[in-house]
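What follows is a set of notes on a single structure, which appears directly below.
The values are calculated or read from the model by the stated rules, or taken from the named source; none is laboratory data. Nothing here was measured: the structure is a model prediction, and the numbers come from that model. A quick note on method: Cβ atoms are made from the backbone with ideal geometry, for glycine too, and the neighbour counts reach across all protein chains shown. Each accessible area value is taken on the protein alone, full model and side chains, heavy atoms only, with ligands, DNA and RNA left out. Shrake-Rupley method; radii C 1.70, N 1.55, O 1.52, S 1.80 Å.
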Amino acid sequence: MSEDSGHNPMSILVVDDEPVVCSSCRRLLGAEGFAVETVLRASEAQKLLAAREFDIVITDLRMPEITGMEMLEFVKQHYPDTQVIMITGHSTISNAVKSIKQGAFDYVPKPFTPDELLAVVRCAVDKRFKSLERIHRVDASLLRRGFDNIVGASRAMQHVYDLIGKVAPTDATVLITGESGTGKEMIARAIHNHSQRREQQYITLDCSTLAETLLESELFGHARGAFTGAMSDKRGIFEIAQHGTLFLDEVSNIPLEIQKKLLRVLEQREYKPVGAEQVRSVDIRLIAATNRDLPSMIAREKFREDLFYRLNVFSIGAPPLRERLEDIPILANHFLAGACSSGDKKIKGFSKDAMGLLMRYPWPGNVRELKNTVERLVVLAEDDTLGSGRLAEIFGASASHGGMPAPRTNEDLKRARKLARESSVCDIEKAFVLDALARNDWNITRAAEDTGMQRTNFQALIAKYNINLSQK
Ligand SMILES: Nc1ncnc2c1ncn2[C@@H]1O[C@H](COP(=O)(O)OP(=O)(O)OP(=O)(O)O)[C@@H](O)[C@H]1O
Ligand SMILES: [Mg+2]
């Protein structure tokens, strides 16, 4: 938080009808690194405030036209978290006290010394920081709820939310593509939840889990006696999902023979259960998903081109996690909160290094892998911060067990190299610290001396790896 604001100076608006007060505030506060605007008239101030938010407003209490009290009321009404400091003459002290009851942060009596003003401003900055942190959290949680439970504030995800919002109310067939673990199923569910069919059934059929013969009767149902073992009529998915939404997951796994039948259903909006006489009409909304590249399957004649066009009326691509790094901290914290609420562990968050590692890892398994990783970290956690050491261990283990697939692109390769370097450095550093401590009865000063490292640097490594000395 405070690091971010280092790039973005706090903005202060000074409103006072005395030019000398304005100019001295500008000089004084400007020299402290604040972005200062000064105006002589309250109406000017309101114009500026209508255009943008200021972190702090310093206003004279007694002014012509609009009084300081009105100014305060205006600011608090529009920007409740902006801190207002009142400047008061002797005669207005009682009003100044009243203004604090109305929500002013504090007041500075005129005439004031630079130090007096700065002391009050610094306190107001502190308060503002705290409220910014609060706002930040609220904002993040709002952004998280892009659609239902889908978390992510990146531009790529905003685009996905837009597409969901656009297509959901229509009855169009949707094809959702994206690598494994990118949230395709969540997107499908969100489309249904925001469609006119939301009160109706939502049925998922995972096309990769069924044998060809079963798939056909699963989809269309069969009549009694249609084949050996068909003892009674069986309702197919199309009948069960009638009037609702049917989600065909892993649609690329549908055998060519069934693809043909599915195409006919989509074209004619009717089908015949296996062995039945009567055709049935179909009124369903179809959503399909795949993590395969259908056009290349079409080229290899593994997928019907005509079916592809029927499914691909509207397409949504779920972006891989490595292309939306800014979602990583949001998702990680979201999964952390989930993991903590289901267990009895209280964990404050990730260490800076751990978050750095999370951001650099290429996430071949995308959001699912991130979720699993955070859950494992929570299970393994020994104190209230999740550190980079454990994380490097998890990444290291998955790499050495072949769990981490080979990088796909040059970018991935670079990232993977960096990660490998960092995680092995982490291992070495951690072993170094633990070893030195163990040799020296867990006395930091002695351990640092023993290694020839400065105590502060040694201490920093202890903090980096969350080594808990009190347990030893
Ligand atoms: N944006 C997201 N916000 C919150 N959770 C997510 C998000 N994306 C994915 N997840 C979680 O990650 C896991 C995988 O998501 P999902 O099953 O939707 O992925 P998928 O794209 O269908 O994967 P696959 O291709 O392997 O079937 C789920 O546990 C889901 O809750
Ligand atoms: Mg899925």
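Ratio of alpha-carbon Rg to the 2.2 N^0.38 Å globular estimate for the range 155-318, to two decimals, please.
On the way: Rg = 15.8 Å, N = 164, 2.2 N^0.38 = 15.3 Å.
Ratio of Cα Rg to 2.2 N^0.38 Å: 1.04.
Quote the relative contact order of the range 323-464 in percent (integer), defining contacts as alpha-carbon pairs under 8 Å separated by 6+ residues.
Details: 119 pairs, mean separation 31.0, N = 142.
In percent, rounded to a whole number, it is 22.
Sorted by accessible area (1.4 Å probe), largest first, how do Ile240, Ile462 line up?
On the way: Ile240 55, Ile462 10 Å².
In descending accessible area the options line up as Ile240, Ile462.
What relative contact order, as a whole-number percentage, does the range 11-138 give when Cα pairs under 8 Å and 6 or more residues apart are counted?
21 percent
Ignoring ligands, DNA and RNA, what percent of the 1.4 Å accessible area of the chain is carbon and sulfur?
50 percent
Using modelled amide H (1.01 Å from N, peptide plane; none on Pro or chain starts), what sits under 5 Å from the amide H of Thr204, excluding residues fewer than 5 places away?
Those lying under 5 Å, H to H, from Thr204 are Phe247.
What angle, in degrees between 0 and 90 and rounded to the nearest 10, separates the Cα long axis of helix 19-31 from the longest principal axis of the Cα atoms of the chain?
Orientation of helix 19-31: about 60 degrees from the principal axis.
What do you reckon, how do Thr245, Thr213, Thr67 stack up by accessible area (1.4 Å probe), largest on top?
Result, largest first: Thr213, Thr67, Thr245.
Cα gyration tensor of the range 11-138, axes a ≥ b ≥ c as square roots of the eigenvalues: rounded (a/c below 1.5), prolate (a/b > b/c) or oblate?
rounded
Quick check on packing: order 265-274, 412-421, 337-346 by the mean number of other C-beta atoms within 10 Å, highest mean leading.
Details: 265-274: 16.3, 412-421: 14.7, 337-346: 12.2.
Going by the mean number of other Cβ atoms within 10 Å, highest first, we get 265-274, 412-421, 337-346.
What does the C-alpha gyration tensor say about the overall shape of the range 70-131? Classify as rounded when a/c is under 1.5, otherwise prolate if a/b is larger than b/c, or oblate.
Working: a/c = 2.46, a/b = 1.16, b/c = 2.12.
Oblate shape, in that a/c is at least 1.5 and b/c is the bigger or equal ratio.
What is the extension gain from Ala226 to Tyr79, computed as 0.36 nm multiplied by their sequence separation minus the C-alpha to C-alpha distance, in nm to one decimal? Kindly include the intermediate steps, with their values, before the conclusion.
Working: separation 147, 0.36 × 147 = 52.92 nm, distance 7.08 nm.
This chain segment gains 45.8 nm when fully extended.
Could you work out the helix-only [θ] at 222 nm for the chain, with each DSSP H run of four or more residues adding -39,500 (n - 2.57) and the total divided by the number of residues, to the nearest 500 deg cm²/dmol? The partial results should precede the final answer.
Numbers: 20 runs with 243 residues, N = 472.
One gets -16000 deg cm²/dmol as the mean residue ellipticity at 222 nm.
Can you tell me, using C-alpha contacts under 8 Å and at least 6 residues apart, the relative contact order of the chain as a whole percent?
On the way: 705 pairs, mean separation 48.7, N = 472.
Contact order relative to length: 10 percent.
Can you tell me the 0 to 90 degree angle between the C-alpha axis of helix 256-268 and the longest principal axis of the chain, rounded to 10?
For 256-268 against the chain, the angle is about 80 degrees.
Please express the Cα-Cα pair-distance distribution P(r) of the range 311-365 as a list of whole percents, one per 10 Å bin, running from 0 to the bin with the greatest distance.
20, 41, 26, 10, 4
Suppose all protein chains stay in the model; what accessible area per residue would a 1.4 Å probe give for the range 185-264, in Å²? If you can, show how the numbers build up before the last one.
Values: 3970 Å² over 80 residues.
Result: 50 Å² of accessible area for each residue.
Among all the lysines, which ones have a C-alpha under 18 Å from Lys352's C-alpha, if same-chain residues fewer than 8 places away are not counted?
By straight Cα distance, Lys352 reaches Lys418, Lys430, Lys464.
Could you work out the Rg to Rh ratio of the range 323-464, with Rh taken as the Kirkwood radius (inverse of the mean 1/r over all Cα pairs)? Let's see the in-between values first.
Values: Rg = 16.5 Å, Rh = 16.3 Å.
In the range 323-464, Rg relative to Rh is 1.01.
So how much accessible area does Cys22 have, in Å² to the nearest 10, using a 1.4 Å probe?
Approximately 10 Å² of Cys22 is accessible to the 1.4 Å probe.
In square angstrom, rounded to the nearest 10, how much accessible surface does Tyr161 have for a 1.4 Å probe?
About 20 Å², rounded to the nearest 10.
Extending each Cα 7 Å along its Cβ direction at Gln196 and Lys47, get the distance between those two points in nm, one decimal.
Here the modelled spin labels are 5.1 nm apart.
What do the square roots of 5 times the Cα gyration tensor eigenvalues come to for the chain, in whole Å, largest first, as semi-axes of the equivalent ellipsoid? Intermediate results must be reported in sequence, preceding the final value.
Numbers: eigenvalues 662, 259, 63 Å².
Semi-axis lengths for the chain are 58, 36, 18 Å.
Under a 1.4 angstrom probe, counting protein chains only, how are Arg128, Arg62, Arg224 ranked by accessible area, largest first?
Values: Arg128 10, Arg62 150, Arg224 175 Å².
Largest accessible area first, the list is Arg224, Arg62, Arg128.
Note the angle between two axes, namely the Cα long axis of helix 388-400 and the longest principal axis of the Cα atoms of the chain, as a number of degrees from 0 to 90, rounded to the nearest 10.
20 degrees
Considering amide H positions built from the backbone, and no H for Pro or chain starts, which residues 5 or more places from Thr38, or on another chain, come under 5 Å of its amide H?
Those qualifying (amide H under 5 Å, at least 5 residues apart or on another chain) are Val14.
Using a 1.4 Å probe on the protein heavy atoms only, what accessible surface does Arg310 show? Give it in Å² to the nearest 10.
For Arg310, the solvent-accessible surface is approximately 100 Å².
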